[in-house]
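Below is one structure; the comments refer to it alone.
Computed from the coordinates by the stated procedures, all read-outs in this text should not be read as laboratory data. Just so it is clear, the structure is predicted and the values come from calculations on it, not from any experiment. Methodologically, a virtual Cβ is constructed for each residue, glycine included, from the backbone with ideal geometry; neighbour enumeration extends over all protein chains shown.
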Amino acid sequence: MNQAETPAIRIAGMTVRYGRRVAVDAASLEVPRGSVHALLGRNGAGKSSLVRCALGQQRASSGSAEILGQDSWKHRTHLMERIGVVAEEADAPPEMRVQQLADFNARLYSRWDGKAFDARLDRFGISKQPRYGDLSKGQKKQVSLALALAASPDLIVLDDPTLGLDVVARKSLFEEVIADLADRGTTVFLTTHDLAGVEAIADRVAIMNGGRIVLDEELETLKARFRRIRFSAQPLALEAASFRTALVRSWGAGTEAIVSNYDDLTFERLRSSATVQSADVSAMSLEEIFIAVAGEGTKS
Amino acid sequence: MTHALAIARRDLAERTSVFIAAAVLAVVPFILTLVPGITSFSRTDVITTMGTLLAVGFTLGLALVLGVTMIGRDLSEKRMSFYFSKPISASAIWFGKLAAAILSLAISFAVLFVPSYLAGSTSWQKSWNVELPIAFALVGTVALALLLFGHLFGTMFRSKSPLIALDVALMVVTGLALIGIVRPLLEGFGLELAGRVTFALGAAILLILLVCGAWQLSKGRADRKQNHVALSRFVWISMAVVLAIGGAFTAWVVMVSPGDLESPSVSQPEQGTWSFLYGKAKNRMDYNALFAYDLATGDSVRINGIRSWWSSGFSRDGKHVVYLKLPNFRASEGDLYLMPLRAGAKAEPLHINVTRGGVYTFSDDGTRIALIDSEGILSVHDLASKKALVSAKIPVKGANRRRFFFVSPDVVRVYVQTPQYGSLKLAEFSVEIYEVDLRTRALTHTGTYRCTTKNFGITVSADGTRALTVERDDTGISRANVIDARTGQLIAPAPAATMVHSALLANGSVATLDQTSGDWTLTVHGADGSEHKTPIGKMERVYFVRQLEGDRLVIAGKGAKTWSMIVADYAHGSIVRREEDAHASSFGYEEWYGSDPRRSVAAADQPIAMTDSAKTLYAWQPLSGAKKKLVQF
């Protein structure tokens, strides 16, 4: 496998334990180069633990993580030259001014682009004088993002980057910044709760639930195979039609189901079965799929 | 390196407020001189004293705070990921932060100290009485230790992990192990060795703490608990290695055999084959070891807690010894132990607490022991029951010599030399003679002997009736008198004006060693007025070693190069044996040594411990001339 074919991130059988609690349970994941990969999951699903371990900031209890083809634990220092990171929680020293942060980073990165940093801050409308600790939560995220991007990374890892951002800033992040990065071929790996935002830009989506990766595929494929089906019959009809269900519930006198292996032929077979008088199908948004997969009472 | 400097620079920039605080405090000593009440003191004294106190206090306090926060705060506030999400190695983070902390301490100290020092450097030297570089080194070392220990405890306690309990337990174990390494060296009175070992251990611990942060961050990275685990693992494993090396070294030091002694001294009783062998051990600096050693067989028993015979006493038959064992080298008092002199013997505590400087003597039957402590209190104890039988304060002020012995199992006689404070002559002393009767528990003053010099010695005949007193003046010439041993009344005057050494023989005769133009003569003055002379020859120094059966005396003499042992037949005025290159290792037969002043005739098979110029210890039979090599030192 040549370098271009090597995934930007490859996580294999990663488990993270905190005492008896298992935060990440044998997770495996691949982020292709040049893709925008979103990792979705509810709070406490294990996303941040997985990201920290993937970045070599924390040692996994077992399993491995590679970034750009190298073991991220062993080669973290070297790898970080090519990776931009925006942490979930603002981690820069609060007493440092924005300018000082920029100066500090400039000494660390050989590909530091000070002009790009200044330009991005201007677009965010943030001055370089305030102390980092005095910025709002959203501004801190924006400064962290500007710092990460100014290092001209090959891979950018964003751990819940929209946390604390207002609607405009959130829209700007997804539609301008990340889309721009994707256009330039920079791999973007992000965790987020902003499903609507990510739906427009992500190539690939993984969903974590209870520490396990329950889904990891192209967004289009995902959206193509998940459908909501409502029909006037008992749920047994679904099994007869060979549908796999993520969620099944009563709907009036009939049944509403979310199926994860939808195709038109099977749906026609369901609709034409003797017990089903009527049936209709509708596409699902990423948010709906997420709720179906990771929401309470779902089969994971 | 560049990254470490970047971090150091960042941390230093963060501490501007600390340096401002130091600068503000630096003015305080100068302002204090304007305060009413303080103006009565020397202005420069106030400035230098306060300036130094503030500089040291501020620096040490800052060291502790920086130690606790430099890594621990970032970890507990989840900000360590800021560094680990950048191309900075763990060691660059640690050493960058450490360098910044050390530099912060140095800057703060300088800001506080320099102005006050410049205001009165001479006054500073007078007030603190310490060289400036030494003072800096001391403050620097303590500050570094506080910084590093602060980091250790900061990381451990901020993790809020149950592992802290294990850390505390291991800290206690480490503390005990350190004591266990150093204490045996002190028990061997190796103060300098213990000091160096303590220094080496301290340096090793500081080195561990200097490096542990890099290891901790490389393994624990941004995770607080994993940092704690990594730190603990590194510190305790390294500490175990250091303690193992230290322990092995101490074990090597203390596992001394008699052959490991370097020019040892020998304390040999008049009877029996056992003696004390003691001195510095080879290659162990000032570490001392003491052995009970059998000259007949070469068997030995190591005795810890005493340095030499000064705190010991042999029984009259040479089969037991009592000695004072101090709990530590600084202790002024300890327990008295009784040990039978035989191979594999174990000492038994007598549960008698004795101050340093105490002297002991056994009753002839070996059932009782008398001791006089440094306060001049005489007590007699029964060895079987370990009970005190009597205790009495000897009513003499400023006593400088005490000799005592059991006249009978129930009566102890004491000779105490004391200056005559009432006398107009500064050099006038008296020897007060007391007896304690165990049956009546009465202390009786039985006599006084006036002497003219502080250098006074006394030996008593085996039956306790007659005594030979020796007074040596500053020229080295001695004056001897035979007195009634109980009352101090003069029986016979000094036998010779040229006498240097003298000894009371078993038959009541007095033996003297006289020198004329470097030629020595042994003269035995009979109680009937007779004189027997034996020429010894040219010697630099001579002294009596022992009286043997058959009118023989053993004399040690130092020639131009080496010592020799001489056996003289004083009845016939001849030398019967001369052992060249041989020196009696033990003290002699004279009047100055031991707490029991009585002298007796040695048994026929009683060997004498002696060494040659090749540092070989021999057991020498003076009657037969047989020589047995024991130890090569």
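Listing for the model above:
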{"quantity": "Cleavage-rule hits (trypsin sites (Lys or Arg not before Pro)) in region A:155-197: DSSP loop, at most 12 neighbouring Cβ within 10 angstrom", "calculated": "A:ARG184"}
{"quantity": "Highest-fluctuation residue, A:ASP216, A:ASP154, A:ASP183 considered, GNM on chain A with Cα pairs under 10 Å", "calculated": "A:ASP183"}
{"quantity": "MRE, 222 nm, helices only [DSSP H, n ≥ 4, -39500 (n - 2.57), over chain B, to nearest 500]", "calculated": "-12000 deg cm²/dmol"}
{"quantity": "A:ILE201, B:ILE38 arranged by Cβ crowding within 10 Å, fewest neighbours leading", "calculated": "B:ILE38, A:ILE201"}
{"quantity": "Relative contact order [Cα under 8 Å, 6+ residues apart], region A:10-135, whole percent", "calculated": "20"}
{"quantity": "Karplus (6.51, -1.76, 1.60) ³J(HN,Hα), θ = phi - 60°, over region B:333-338, in Hz, Gly and Pro reported as x", "calculated": "8, x, 9, 8, 10, 10"}
{"quantity": "Of A:SER272, A:SER72, A:SER152, the one that fluctuates the most in a GNM where chain A has Cα springs shorter than 10 Å", "calculated": "A:SER272"}
{"quantity": "Rounded, prolate or oblate (a/c below 1.5 giving rounded, otherwise prolate when a/b exceeds b/c) for chain B by Cα gyration tensor", "calculated": "prolate"}
{"quantity": "Highest-MSF residue in chain A out of A:PRO153, A:PRO130, A:PRO32 [GNM, Cα springs under 10 Å]", "calculated": "A:PRO130"}
{"quantity": "For the protein assembly as shown, share of DSSP beta bridges that run antiparallel, in % to the nearest 5", "calculated": "90"}
{"quantity": "Total charge dipole magnitude, region A:9-217, about the Cα centre, Cβ charges on Lys, Arg, Asp, Glu only, Debye to nearest 20", "calculated": "600"}
{"quantity": "Zone residues, region A:129-162, relative to A:GLN99, backbone N less than 15 Å from point 7 Å out along Cα-to-Cβ", "calculated": "A:129-132"}
{"quantity": "Amide N of region A:58-82 lying under 19 Å from the label point, which is placed 7 angstrom from the Cα of A:ASP113 along Cα→Cβ", "calculated": "A:80-82"}
{"quantity": "Percentage, to the nearest whole number, of Cα pairs in region A:9-217 over 29 Å apart", "calculated": "21"}
{"quantity": "Among B:ILE102, B:LEU144, B:GLY220 - extreme Cα towards positive end, dipole of chain B, charges at beta-carbon", "calculated": "B:GLY220"}
{"quantity": "5 angstrom amide H check on A:ARG244, placed H, neighbours 5+ away", "calculated": "A:SER260, A:ASN261"}
{"quantity": "Nearest-0.05 FRET efficiency for B:ASP474 and B:TRP128, computed from C-beta distance (R0 25 Å)", "calculated": "0.05"}
{"quantity": "Ranked list, fewest to most other Cβ atoms within 10 Å of each Cβ, for B:LEU217, A:LEU270", "calculated": "A:LEU270, B:LEU217"}
{"quantity": "The protein assembly as shown: mean projected area of Cα convex hull, nm²", "calculated": "62.1"}
{"quantity": "C-alpha long axis of helix B:16-32 to longest principal axis of chain B, angle in °", "calculated": "60"}
{"quantity": "Alpha-carbon centroids, region A:208-256 and region B:125-169: separation in whole Å", "calculated": "63"}
{"quantity": "Members of B:LYS282/B:LYS538; B:LYS533/B:LYS628; B:LYS325/B:LYS346; B:LYS454/B:LYS615 lying beyond 24 Å, as alpha-carbon distances in this model show", "calculated": "B:LYS282/B:LYS538; B:LYS533/B:LYS628; B:LYS454/B:LYS615"}
{"quantity": "Value of [θ]222 nm, deg cm²/dmol, for chain A, DSSP H segments ≥ 4, -39500 (n - 2.57) each, nearest 500", "calculated": "-8000 deg cm²/dmol"}
